[in-house]
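Chemist: Here you go, one structure.
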Ligand SMILES: N[C@@H](CCC(=O)N[C@@H](CS)C(=O)NCC(=O)O)C(=O)O
C-alpha cells in the first residue's frame with residue numbers, strides 16, 4: 001500500500017493536500033500553473049508571494065475576470081475573458097483555453113463536488129489541482145532553485161512562529177474571514193454579532209504593531225502575518241467599509257498605526273504594489289454580489305485608494321503615548337461594548 005497521503009478524495013468536496021517540494025511534487029520551473037483572481041484576498045496571498053520570492057519566472061498564471069460570477073446565483077462561477085484585451089489584467093485560460101474556472105476543477109476530478117474557488121494551482125505533469133491554503137508552504141517551495149537573496153526571505157522564522165500562530169488564529173477568524181461574516185450576514189442580528197470582532201481585531205493589531213516597533217507587524221522582519229493582513233486591509237477602506245458595512249471606522253481615519261503600516265507595505269514593498277489591482281478589487285465585490293448590490297453600481301471613492309506619505313521613522317508612533325483605552329472609549333461612545341476582539345491573544 002502506498003504511504004503517500006491522500007492528495008484528493010475523488011468525487012468529494014475535498015481539496016488537494018500536496019506540498020511542493022515533495023517526491024510527488026518536486027520544485028520545477030514551469031511545471032505548475034496558478035489560477036487567480038486579482039480581487040480575491042486569498043489568491044492575493046499567493047500572488048504576493050509569487051512576486052516577493054521571484055517566482056513569476058517559475059509559476060505562470062491565468063487570471064479570471066472579476067465579474068460576472070456566473071448567473072444571479074453565482075453559478076457556475078468565475079470565467080475567463082475571451083481575449084487578454086477584454087478586461088485589463090484578466091487573461092484567457094493560458095493552459096486549456098477554457099471559458100469557466102470550474103472546468104479546470106473537473107479536469108482534475110470529473111466528479112468533483114467542492115467549490116470552484118481561486119487560488120487554484122495546477123500541476124501540468126500529474127494533471128492535479130490544488131485549492132487549499134498555499135501560504136504556509138509556497139514561500140519556501142522553490143528555495144532550492146532560487147538565488148540566496150530570495151531563498152533567505154523567511155516569512156515563518158522559527159523564533160516568531162509561536163506569535164505568528166497565535167495571532168493568525170484570531171486574525172483569520174475575526175478579520176480576514178470576519179469581514180465576510182459581517183458582509184454576507186443574512187440578518188441584522190448576524191451582522192451586529194460579526195462586525196464587532198472585525199474592529200476588535202483591528203484594535204489589537206494597532207497595539208501589537210506599536211509594541212513591536214514597525215515597520216512590520218512583528219517588528220523589523222516581514223512575516224506571513226503581514227501578507228495575510230495586507231490582503232485584507234488593502235481592501236478595507238476601498239470595499240469592506242461600504243460594501244460589507246464594516247464602517248465603525250476606517251483605516252485612514254481611525255487607525256494611524258495600521259494606516260502607516262499599510263502605506264509602508266503598499267509604497268515600500270514592490271511585491272505588494274505589483275499584486276494589487278484596485279479596479280479588479282472594487283468591481284468584483286460591487287458587481288458580482290448580486291444580493292448585496294443588485295444595481296452593481298461601483299462607488300467612485302474613496303480617494304485615494306491608499307494614501308501616500310509613509311512615516312518611516314517608526315519612533316513617531318512608538319513614542320506616541322499610545323492610549324490603549326482610547327479605542328475602547330471611541331466605540332463605547334457609539335454605544336458599543338467592545339474590548340480587543342473576542343479571541344485570545
Ligand atoms: N480555499 C481557498 C478559498 C478562497 C476563496 O474563498 N476564494 C473566493 C474568492 S475570494 C472564491 O473563489 N469563491 C468562489 C466560490 O466559492 O464559488 C483559500 O482560502 O485559499
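Nothing in this text is a laboratory measurement; each read-out follows from the coordinates by a stated rule. Just so you know, these numbers come straight off a predicted model, no measurement behind them. Because the Cβ atoms are built from the backbone with ideal geometry, glycine has one as well, and the counts that use them run over all protein chains shown.
Chemist: For the stretch 73-110 and the stretch 42-69, what is the centre-to-centre distance using only Cα atoms, to the nearest Å?
Modeler: Between the Cα centre of the stretch 73-110 and that of the stretch 42-69, the gap is 14 Å.
Chemist: Sort the following peptides by mean Cβ neighbour count (other Cβ atoms within 10 Å, averaged over residues), highest first: 141-149, 202-210, 27-35, 297-305. Write down the numbers at each step before the final one.
Modeler: Numbers: 141-149: 14.6, 202-210: 22.2, 27-35: 18.2, 297-305: 11.6.
The densest-packed peptide leads the list: 202-210, 27-35, 141-149, 297-305.
Chemist: Can you say what percent of the DSSP beta bridges in the stretch 32-151, counting only those with both residues inside, are antiparallel? Round to 5.
Modeler: Values: 8 of 12 bridges.
For the stretch 32-151, the DSSP antiparallel bridge percentage is about 65.
Chemist: Alpha carbons only, please: Rg and Dmax for the stretch 158-333, in angstrom.
Modeler: Every Cα atom of the stretch 158-333 included, Rg and Dmax give 16.1, 50 Å.
Chemist: Right, next: Between residue 72 and residue 221, what's the calculated FRET efficiency when r is the beta-carbon distance and R0 is 41 Å? Round to 0.05. Working shown, then result.
Modeler: Details: r = 46 Å, r/R0 = 1.12.
The formula returns an efficiency of 0.35 here.
Chemist: Just from its helices, what would the mean residue ellipticity at 222 nm be for the chain, if runs of 4 or more DSSP H residues each count -39500 (n - 2.57) and the sum is divided by every residue, rounded to the nearest 500 deg cm²/dmol?
Modeler: -10000 deg cm²/dmol
Chemist: Hey, fewest Cβ within 10 Å first, where do 315, 69, 279 land in order?
Modeler: Details: 315 10, 69 23, 279 15.
Starting with the residue having the fewest Cβ neighbours, the order is 315, 279, 69.
Chemist: Tell me the Rg and the Dmax, in Å, that the Cα atoms of the stretch 32-151 produce.
Modeler: That works out to 14.4, 49 Å for Rg and Dmax.
Chemist: Hey, what did the stretch 18-157 get for relative contact order, percent, Cα under 8 Å, at least 6 apart? Can you show the working numbers first?
Modeler: Values: 228 pairs, mean separation 38.2, N = 140.
27 percent.
Chemist: Can you list, bin by bin at 20 Å, the percent of alpha carbon pairs in the chain, starting at 0?
Modeler: 29, 59, 12, 0
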